[in-house]
Each structure stands twice: as C-alpha cells, then as structure tokens.
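Below is one structure, written out as structure tokens; comments come after it.
What follows draws every value from the coordinates through simple rules; no lab data is involved. Model, not experiment: these values are computed from the prediction. Cβ placement follows ideal geometry from the backbone for every residue including glycine, while neighbour counts extend to all protein chains displayed.
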Amino acid sequence: MKRRTLIKGLATGLSSLYLSNLYARNLLTTQSIPRMAPGPFKPTWDSLGQYQVPDWFRDAKFGIWAHWGPQCQPEHGDWYARGMYEEGSDHYKYHLQKYGHPSKFGFKDVINEWKAENWQPEELVALYKKAGAKYFMAMANHHDNLDLYDSKYHRWNSTKLGPKKDIVGGWAKAAKEQGLPFGVTVHASHAWTWYEVAQGSDKNGAYAGIPYDGNLTKAEGSNKWWNGYDPQELYAQRHALSKNHMWTIWGWANGANVPSKAYCDSFLNRTIDLIDKYDPELVYFDDNVLPLWPVSDAGLKIAAHLYNTSIKKHGKLQAALFGKILDEQQRKCMIWDIERGQSNQVEPLPWQTDTCIGGWHYDRRLYDNNGYKSAKTVIHTLADVVSKNGNLLLNIPVRGDGTIDSIERNVVEEVAAWMQINSEAIYSSRPWKVFGEGPAMESVAALTAQGFNEGKGKPFVAEDIRFTARGKTLYAIMLGWPANSSALIKSLAASGQVGTVSHVSLLGSDRVNFEQTSEGLKVQLPEQPPCKEAVVLKIEGAIV
C-alpha cells in the first residue's frame, strides 16, 4: 500500500514538473480554453446549411473596411511581411534601403516600429457613415500573424507590442457610436506557409547564406527589445518547407506543409476569443471556404460558435460570415465573397465583393502617382454588384500612423455626395428580372480563383444601365450621361412582359418626359445632370 502511494506521488510530482516546464517554455497556456457556444448549429456542413442571410445585411449593400496593420507602416503595399524576405523583389530592395537586411531587421522589428500615433477611429468611422456605409469592418490579423486586439491566446498582439493599443477595440467602439454593425476580418490561418520565406537566406551578395530571422528562438531575445517573446509564436516556422510555390497551396493541398494540431488549436482559440470579446456581427475569412479546411475542423467550429452566439444575443441569427471559392452546398452555409471581382449574373443567394481603392495595405506610391480608383469606379462597381444581389465591401487603405491621405478622403467625400442623392436605389433594394443592359455586357471577364475579374471588361458608358427594385418601383442606374440628354432603356420596351410605365423621375431632379415604345423606354432628361458619375431614373407602373 505504501509502495503504491509512493509511486503515485512520484508520478504526480513528475507530471507537475513536466507541466511546469511546458508552461515555462510557452508550449502550454494557463488560460482556459474558450467554450463553444451551445445552440442549434453544429460544426458540420449539414448543420451549417440551415444558415439564412440576415435581412439587415441584404438591405445594407455597402460597407467600408480598414485593412490596416503593421504591414502599412512601411507604406510600400501588399504582402510586405512576405516580400521583404524574397531576395531581389521590390519589397526586399526597399527594405534594405529603409531598414537594413532581413537577417538583422525582420518583420518582427517592423512591428516594433509601428505606433499608430495619429489614429482617430471615431473621426474615420463617422466619415465612412457619411459616405453611406451601412457596416464597418476592421482587420483583426493578417498573414503576418500579429493579433490587432487584446488576445488572450497570442502574446504577439498590438496591446503588448508595436502601438500598444487595442486596434479592434477602438474600431468596435467607434462603429458602435455611429450605430453601424461591426465586423472583423481574419487572415492569420496562412502564416504557417506564408512566412516560409523567412526561413531562407540570400543566395547572392555579402549576406549570402546568412539566415533571415524566421528561425529565431526565444532564447536569442536576450538584451533585445523582444526579450521574453518567442519569435516562433509569430513566424511559426519550426517545420519543413512546402513542396510547391504557395500560390498552388493556398488551400492546403498540392504540397503544402500541413500545419500542426497545436497551430490549428491556437488559431481556433484566438478566433473564438476574438468573437467573444468584441461581439462582431460580421466575420470575414481570407480563406478558401473556411480557415484550415480541410486539414482541420477549426473553421467549422468557429462558424457554429458565431451563429449560436448571434442567436443567443438577438433571439435569431443576425451574423454574416464570409468565405471564398465555395461550392453550391457551402454557399448555403455562409456568404460567398468575391475578391476584386463581380459575378456576371444575378446570383440566387446574397454575396459580397471585397475590393479596394488602392492596394490592400497602404502604398505611398499610389498617392504620389495618383493611382487610386476614382469615385466614379467605386459608384459603378456598387451599382453593378447590387444589381446582381450583392454587397460591396470597400477598403480605404490606412497609413501606418492611422490616417488616410487627402486623395482617399476626396474619393470618400465624392461617394458620399452621390449617395446623398441616389441611395434609395441602393439600400433595401433587390435584383430585378435582369440586372442590366448595355455594351459592357458583351465583354465580361470570367472569375478566376477568388475573383480577380474587376476592370477586365469594357469601361462603362451611358448606355450601360443597372437595375434594382424596391417593391413595385424600378430603378435604372445609368452609368453615364447620354448624348443629347436622351436615354433609351431597351429592357422596358412596350410588351406584355414588362407592363406599362406610368411615372418616371430623375433622382435629384424632377419628373421627366418619357415614351414607352417598341424600341424601349425613351426618356428626355434635363440639360444638366443632378450629380456626377451615374444618374438614376425612378420608374413606376405595372413593372413585372
């Protein structure tokens, strides 16, 4: 009996010592694992197929996004934290000039440079609401793997390092003050493969063969600014390289090094914590389908948790969840998001385009060279997307210091001016029997991968028209001002299929003269348009 007690005590002592060592090495956390919200949704495709897109999202149509994090600090554009490790690339050359070699000054050090010293989220979100945004979204992390919130499960976060501010918390508070639904975008599932270049070294020159900082250990932080922080929690590079180029392995296939269970569990815990702490109405994943699918069920668990949490809060499901490259079944489980592109038809289920007036991360060169999308392009994209049962999420790039530049501000103000006159054709609208007409429809570009077909067809002209409907009222959004102030809408030719038009007015102006003929609805417009970029005819009658 005594021997059994002695053995049991020894085992308990060794177990305690083992666990203590794990905690000391940051391999375990003393924080409790977040509890999944109970409810009708389970982490299976069949269960998630119960999802119904909430009406508030279908009515909103337009959201603005702050795709902002430490990669905006260099003001050199997208994917800086990867490109700076790619020898000879544009980002690499810039990094050498601005910061030094990535073996000495890695992306962890860029994070340390980022202070967000001029960030005023209340002013920016108020501006976006003025521009007509009906929801606001903020980036919670990117592929660079820094959490931009008070993260319980990830020490590399913006409250401890860099700006030492709760970025998501600040945006959430500002959105709440403006009465806007708040959303977060989550991109960090890809750090495992995306950062693999940080394991490398130069092949040429004075630094040939000297490793970049992607394999640093916590012990090497002694007497450094990051003392006590493990770079591997950020870079996640204690694994073999993937076999193929990352473009072919974005969906964890075709040679990707499969992430460990610990990595997947950490991502799950971080994201559940994010949802519980900030209560977002919208969650966007920059992933094929769901994060880490199909190598992990983490994404399914997050989706079920979000939906059940929303039901508990509202009494019904009010959450919007987004994924990319979805099959027919998956589109019933969440909202299909198309990156930098549009569908070419009226989609049976609501969807969203996400795009940007510049690069995803702030790029000073676009300001210097006037390279932003114009307000005209934004308005035309909005009209096209909404006519096809979609919403537009528009990113306004934020500088490292937390401000937007003067050209960006002008674009936002011009969109605001247009929406003040024409928003009734956008909000709470639904698709009509056809989404539009005009010459641009003859040269549409097919979607590729996540989307990426924007700007590949003919530019819109005055004869390009997009339709939306509210009840028995039809709106014809003309994407230009016609010659001689005379418009012809062929889709409304006199026939039994459309019915008789009884009233036509021009938003921002007065009633206009019209004639419905076998050629179409002929409308005589005033000499001057009421607004720039696009004008809207409000058409009433027995339109079917």
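Can you pull out the GluC sites (Glu not before Pro) in the range 113-199 whose DSSP state is coil and whose Cβ has at most 15 other Cβ atoms within 10 Å?
Details: sites: E113, E117, E122, E123, E177, E196; in loops: E117.
Loop-located and lightly packed - E117.
Quick check for me: using +1 on Lys/Arg Cβ and -1 on Asp/Glu Cβ, what's the dipole size of the range 436-541 about its Cα centre, in debye to the nearest 20?
So the magnitude is around 240 debye.
Could you order the peptides 146-157, 430-441, 503-514, 53-64 from most to least packed, using the average number of other C-beta atoms within 10 Å per residue?
By packing density, highest mean first, the sequence is 146-157, 53-64, 430-441, 503-514.
Which percent of Cα pairs goes in each bin when the distances of the range 436-541 are cut into 5 angstrom slices starting at zero?
2, 12, 22, 24, 17, 11, 7, 4, 1, 0
Can you order the peptides 125-131, 99-105, 366-372 by their average number of other Cβ atoms within 10 Å per residue, highest first? Intermediate values should be presented prior to the final figure.
Working: 125-131: 20.7, 99-105: 17.4, 366-372: 14.4.
Peptide ranking by packing, descending: 125-131, 99-105, 366-372.
So for S387, S502, S242, S89, fewest C-beta neighbours within 10 Å to most, what's the order? All intermediate terms of the calculation are to be shown ahead of the outcome.
On the way: S387 26, S502 12, S242 18, S89 15.
Fewest-to-most ranking of S387, S502, S242, S89: S502, S89, S242, S387.
Report Rg/Rh for the range 180-321, rounded to two decimals, where Rg is the Cα radius of gyration and Rh the Kirkwood radius. Walk me through the numbers before you get to the answer.
Numbers: Rg = 18.2 Å, Rh = 17.1 Å.
Radius of gyration over Kirkwood radius for the range 180-321 works out to 1.06.
Within the range 209-271, which chymotrypsin sites (Phe, Trp or Tyr not before Pro) sit in a loop by DSSP and count at most 11 neighbouring Cβ atoms inside 10 Å? All intermediate terms of the calculation are to be shown ahead of the outcome.
Working: sites: Y212, W225, W226, Y229, Y235, W247, W250, W252, Y263, F267; in loops: Y212, W225, W226, Y229, W250, W252.
Those satisfying the criteria are W225.
What are the equivalent ellipsoid semi-axes of the range 60-325, built from the alpha-carbon gyration tensor (square roots of five times its eigenvalues), in whole angstrom, biggest first? Don't skip to the end; give the middle numbers.
Details: eigenvalues 200, 95, 55 Å².
Output for the range 60-325: semi-axes of 32, 22, 17 Å.
What value does the chain have for Rg/Rh, both radii from Cα atoms and Rh as Kirkwood defines it?
Numbers: Rg = 26.2 Å, Rh = 25.3 Å.
Looking at the chain, the ratio lands at 1.03.
Mind listing which GluC sites (Glu not before Pro) in the range 280-382 are in a DSSP loop and have 14 or fewer other Cβ atoms within 10 Å?
Answer by residue number: E328.
For the pair Q497 and D55, what calculated FRET efficiency results from E = 1/(1 + (r/R0)^6), where r is the Cβ-Cβ distance and R0 = 22 Å, to the nearest 0.05?
The computed FRET efficiency comes out at 0.15.
Over the range 354-422, what portion of Cα pair distances is larger than 18 Å, expressed as a whole percent?
Value for the range 354-422: 38 percent of Cα pairs lie more than 18 Å apart.
What lysines sit close enough to K224 to cross-link, taking a C-alpha to C-alpha distance under 18 Å and skipping anything fewer than 8 places away on the same chain?
Once the sequence-local lysines are set aside, what remains near K224 is K104, K108, K160, K164.
Got a sec? Charge dipole of the chain, +1 on Cβ for Lys and Arg, -1 for Asp and Glu; which of A493, G541, Y278 is way out at the positive end?
It is Y278.
Roughly speaking, what is the stretch gain from Q524 to D279, that is 0.36 nm per residue apart minus the C-alpha to C-alpha distance, in nm to one decimal?
Taking 0.36 nm per residue and subtracting the Cα distance, the gain is 83.2 nm.
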